[in-house]
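To start, the structure under review is shown below, and the notes come after it.
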Amino acid sequence: MASDGFAPRLGGTLSAAEARELNPLVLAYVGDGVQMLYLKAKFASSSHAKAGKLHTLVSGQVRATSQAKAASALADALDDEERAVFLRARNSHVGTAAKHASIAEYHMATGLEAVFGYLYLTGRSDRLERLLGAAEEICAD
């Protein structure tokens with residue numbers, strides 16, 4: 001079943017209440033995959049580069065330092081619901097550490113990924129694509 005967004009809706013859409021009940025790190029896990037798929041599909045459809053180069057382009061934007069930069073820039077653009085998801089995830093106890101980022105950057109990145117996951121799972125495709133596009137522009141600079 002295809003959605004009106006960039007990716008198929010797999011497993012249906014959750015209500016906002018159901019999505020809020022998920023562990024914020026689960027939302028971040030989903031959001032990381034959503035951002036990666038968004039960037040892979042976008043770069044693959046707009047570039048003639050080989051897979052290795054595409055991987056490098058995507059990896060540069062889906063790393064904690066880049067995501068933290070985007071999270072800082074987009075913080076004021078989040079609505080109250082998104083901000084609550086962001087803060088819950090950012091403040092969660094994360095069992096691992098990023099290899100090439102500070103703990104603060106890793107937490108900021110986790111918050112942004114959770115917002116992406118939340119928007120994806122609740123079917124807010126238009127808003128998700130706006131934030132993914134804005135994050136991409138910020139990280140491209």
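Quick note: the coordinates plus some simple rules give every number you see, no bench work behind them. Since the structure is predicted, the reported quantities are computational estimates derived from the model, not experimental observations. Cβ coordinates were reconstructed from backbone atoms using ideal geometry, including for glycine residues, and neighbour counts include every protein chain displayed.
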Among ALA135, GLY123, THR65, which residue has its Cα furthest toward the positive end of the charge dipole of the chain, with +1 on Lys/Arg Cβ and -1 on Asp/Glu Cβ?
THR65
Cross-link reach from LYS53 to lysines, straight Cα distance under 18 Å and at least 8 residues apart if same chain, gives LYS40, LYS42
So what does the Cα-only Debye profile of the range 19-141 read at q = 0.10, 0.20, 0.22 Å⁻¹, as log10 I(q)/I(0), no solvent term?
-0.27, -1.08, -1.28
Treating only Lys and Arg (+1) and Asp and Glu (-1) as charged, each at its beta carbon, one finds that the chain has a dipole about its Cα centre, in Debye to the nearest 20, of 540
Going fewest to most other Cβ atoms within 10 Å around each Cβ, ARG63, ARG127 line up as ARG127, ARG63
Take the Cα pairs of the range 71-141, get the Kirkwood Rh, then feed it into Stokes-Einstein at 37 °C and 0.692 mPa s and tell me D in µm²/s.
262
Only Cα pairs within less than 10 Å get springs; with that Gaussian network setup on the chain, which residue of SER102, SER45, SER59 has the largest fluctuation?
SER45
Pair LEU54, ALA140: separation of 7 Å Cα→Cβ label points (nm)
1.7
How much FRET efficiency would the formula 1/(1 + (r/R0)^6) give for LEU14 and ALA75, where r is the Cβ-Cβ distance and R0 is 25 Å, rounded to 0.05?
0.55
Taking the dipole of the chain about the Cα centre (Lys, Arg +1; Asp, Glu -1; charges at Cβ), the one of VAL30, HIS55, LEU74 that reaches farthest to the positive side is HIS55
